[in-house]
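Have a look at the structure below, then the notes.
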Amino acid sequence: MVAGAMAIAGLSAAAVAQRDPAYAAAREAKQVGEQPDGYLGVVSGGAPVQALVRDINIKRKAAYTASAQASGSTVEQFAFTSGCNLVAKVGQGEMYKTPSGQWKENTGTPELDGRCK
């Protein structure tokens, strides 16, 4: 439970970084999606989308690193827990990567990795 609470705390820093209109447009255009590893992924798009995702993921990793250190977990564990939360909250019509590695549009309840609690 502590890891889940810490993941949500870490997400607030990442969420602030994602209020960029370019991010909202890419998400709406289904060019980006959430991944189970806690990072944003490129579904389609060229260099501008890739640069946007890279920038957001750098900010996420910084937030995960700080929160992982504070909680005594590894960055990878913290990122994975965050990924579970992010994929679970993907909105209707938005993209996410399934546990099998396929991009899918959320039409109801996203498929979560079996290790998500």
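The values are calculated or read from the model by the stated rules, or taken from the named source; none is laboratory data. Quick caveat: nothing in here was measured; it's all calculated off a predicted structure. All Cβ positions, even for glycine, are placed from backbone atoms using ideal geometry, and neighbour counts span all protein chains on display. Protein only, heavy atoms only, side chains kept; ligands, DNA and RNA dropped before computing areas. Shrake-Rupley method; radii C 1.70, N 1.55, O 1.52, S 1.80 Å.
If R0 is 22 Å, the Cβ-Cβ spacing of A88 and T65 corresponds to a FRET efficiency of close to 0.50. Count Lys and Arg as plus one, Asp and Glu as minus one, and take only other residues whose Cβ is under 13 Å from that of A66; the net charge is then +3. Of the residues L40, L86, the one with the largest accessible area comes first in the ranking L86, L40, computed with a 1.4 Å probe on protein heavy atoms. For segment 54-110, the list of trypsin sites (Lys or Arg not before Pro) that fall in a loop by DSSP and count at most 15 other C-beta atoms within 10 angstrom reads K89. Over segment 15-117, what is the percentage of antiparallel beta bridges among all DSSP beta bridges, to the nearest 5? Rounded to the nearest five, the antiparallel share is 75 percent. Counting only Cα atoms, segment 42-117 measures 35, 32, 19 Å along its principal axes, largest extent leading.
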